[in-house]
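> Got a structure for you, questions after.
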Amino acid sequence: MTTAPDWTAPPAPFAARDLACIRGDRLVFAGLSFDLVPGGALLLYGPNGTGKSSLLRLLAGLLPAAQGMLLWNDAALRPVSEEHRARLLYVGHVDAVKPALTARETLAFWAGLAGQADGIDAALGAFGLGHLADVPGRFLSAGQKKRLNLARLAAIPAPLWLLDEPSVSLDADSVALLALLITRHTARGGLVIAASHVDFGLRDAARLDLGAFIAPVAA
């Protein structure tokens, strides 16, 4: 496992207060709050449609909150600010792998956006992709594409990880590797919020049932 570079922003408590989310004309959830201290992990679960992906996008500043606020180190923050985006790494459930780019080129692109030029091959090796570095994305399996997507965790330093269904398409060994990477990240004071339908070995993670925050449907 490669050693992640030093963070550009120190770990700090991350919290949400009374969040509400609207998608289209539908109130997805309301009254959602949580507290996450440095070294903490939070697993989001619940049936499809309860807003797990929407919450992650909201926390990443990709979706506005209809109500409520986020706090970093006990201070209100603007999710769309460059300062907030610089402290997080969001890995969505759709694997962002271009068919024509090699695995190395794909990871180098994402790392370059974050100002990171070193450690690409080490990050690929950390996820068992070293021998596929020069293979175009169109030839990678679903599991290999998922591992390439997750290799950003090893290549790009960020104290806050937001992961949407990170274990989908992974075999048992890769799930164990992901759990180990998360454990090492939190041991350094990092924070992790992950949406998942399955428990992938994070024994000390807090759990947040999004189904408890579904807005009632009017009669």
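The values are calculated or read from the model by the stated rules, or taken from the named source; none is laboratory data. Since this is a predicted model, take the numbers as computed values, not measurements. Cβ atoms come from the backbone with ideal geometry, glycine included; neighbour counts cover every protein chain shown.
> Taking the conditions exactly as written (modelled with pLDDT of 90 or more, of a type in the set (S, T, N, Q), within 21 Å of Gly143 (Cα to Cα) and part of a helix (DSSP H, G or I)), does Ser169 satisfy them or not?
Details: modelled with pLDDT of 90 or more: yes; of a type in the set (S, T, N, Q): yes; within 21 Å of Gly143 (Cα to Cα): yes; part of a helix (DSSP H, G or I): no.
For Ser169, the condition - modelled with pLDDT of 90 or more, of a type in the set (S, T, N, Q), within 21 Å of Gly143 (Cα to Cα) and part of a helix (DSSP H, G or I) - is not met.
> Residue check: is Val91 among the β-branched types (Val, Ile, Thr), within 18 Å of Ser196 (Cα to Cα), surrounded by 13 or more Cβ atoms within 10 Å (Cβ to Cβ) and in contact (Cβ under 8 Å) with a residue 12 or more places away in the chain? Steps first, answer last, please.
On the way: among the β-branched types (Val, Ile, Thr): yes; within 18 Å of Ser196 (Cα to Cα): yes; surrounded by 13 or more Cβ atoms within 10 Å (Cβ to Cβ): yes; in contact (Cβ under 8 Å) with a residue 12 or more places away in the chain: yes.
Judged against the criteria, Val91 is a match.
> Kindly establish whether Val80 is aliphatic (A, V, I, L, M), within 20 Å of Ala151 (Cβ to Cβ) and either modelled with pLDDT of 95 or more or loosely packed, with under 15 Cβ neighbours inside 10 Å (or both). Before the answer, list the steps.
Values: aliphatic (A, V, I, L, M): yes; within 20 Å of Ala151 (Cβ to Cβ): no; either modelled with pLDDT of 95 or more or loosely packed, with under 15 Cβ neighbours inside 10 Å (or both): yes.
Judged against the criteria, Val80 is not a match.
> Check whether at least one residue in region 127-141 is part of a helix (DSSP H, G or I), touching a residue at least 40 places away in the same chain (Cβ under 8 Å), on the phi < 0 side of the Ramachandran plot and not basic (Lys, Arg), and report yes or no.
Step one: filter region 127-141 for residues part of a helix (DSSP H, G or I), giving 130-132, 137-139.
Subsequent filtering for residues that are touching a residue at least 40 places away in the same chain (Cβ under 8 Å) retains 137.
Going one step further and asking which of them are on the phi < 0 side of the Ramachandran plot, we end up with 137.
Subsequent filtering for residues that are not basic (Lys, Arg) retains 137.
Yes, the conditions are met somewhere in region 127-141.
> Name the residue, out of Gly211, Gly201, that is outside any loop (DSSP other than H, G, I, E, B), under 26 Å from Ser33 (Cα atoms), at pLDDT below 90 and not aromatic (Phe, Trp, Tyr). Walk me through it before giving the result.
Working: Gly201 fails: outside any loop (DSSP other than H, G, I, E, B).
Unique residue meeting the criteria: Gly211.
Table: residues versus (1) of a type in the set (Ser, Thr, Tyr); (2) in contact with a Pro (Cβ under 8 Å, 6 or more places away or on another chain).
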site	(1), (2)
Arg26	no, no
Ser33	yes, no
Gly39	no, yes
Leu63	no, no
Ser81	yes, no
Val97	no, no
Leu101	no, yes
Gln116	no, yes
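> Moving on to the next point. Taking region 166-185, which residues are surrounded by 16 or more Cβ atoms within 10 Å (Cβ to Cβ) and among the small types (Gly, Ala, Ser)?
Selection gives Ser167, Ser169, Ser174, Ala179.
> What number goes with the only condition from (1) assigned to a loop (DSSP other than H, G, I, E, B); (2) farther than 30 Å from Ala133 by Cα that Ala96 does not pass?
Among (1) assigned to a loop (DSSP other than H, G, I, E, B); (2) farther than 30 Å from Ala133 by Cα, Ala96 violates only (2).
> Okay, next question. Of the residues Leu32, Leu58, Leu63, Leu42, which is surrounded by 15 or more Cβ atoms within 10 Å (Cβ to Cβ), touching a residue at least 24 places away in the same chain (Cβ under 8 Å), of a type outside the set (Lys, Arg) and part of a loop (DSSP other than H, G, I, E, B)? Explain how you work it out, then say what you get.
Working: Leu32 fails: part of a loop (DSSP other than H, G, I, E, B); Leu58 fails: part of a loop (DSSP other than H, G, I, E, B); Leu42 fails: part of a loop (DSSP other than H, G, I, E, B).
When all the criteria are applied, what remains is Leu63.
> If I go through region 111-156 residue by residue, how many of them are buried (at least 22 other Cβ atoms within 10 Å of the Cβ), among the aromatic types (Phe, Trp, Tyr) and at pLDDT 95 or above?
Residues meeting the conditions: 0.
> Take the residues of region 118-151 that are within 21 Å of Ser54 (Cα to Cα) and not polar (S, T, N, Q): which is nearest to the chain's Cα centre (by Cα)? Before you say what the answer is, go through the steps one by one.
Pass one, region 118-151, residues within 21 Å of Ser54 (Cα to Cα): 146, 149-150.
Those left that are additionally not polar (S, T, N, Q): 146, 150.
Working: Lys146: 13, Leu150: 9 Å.
Filtering first and then ranking leaves Leu150.
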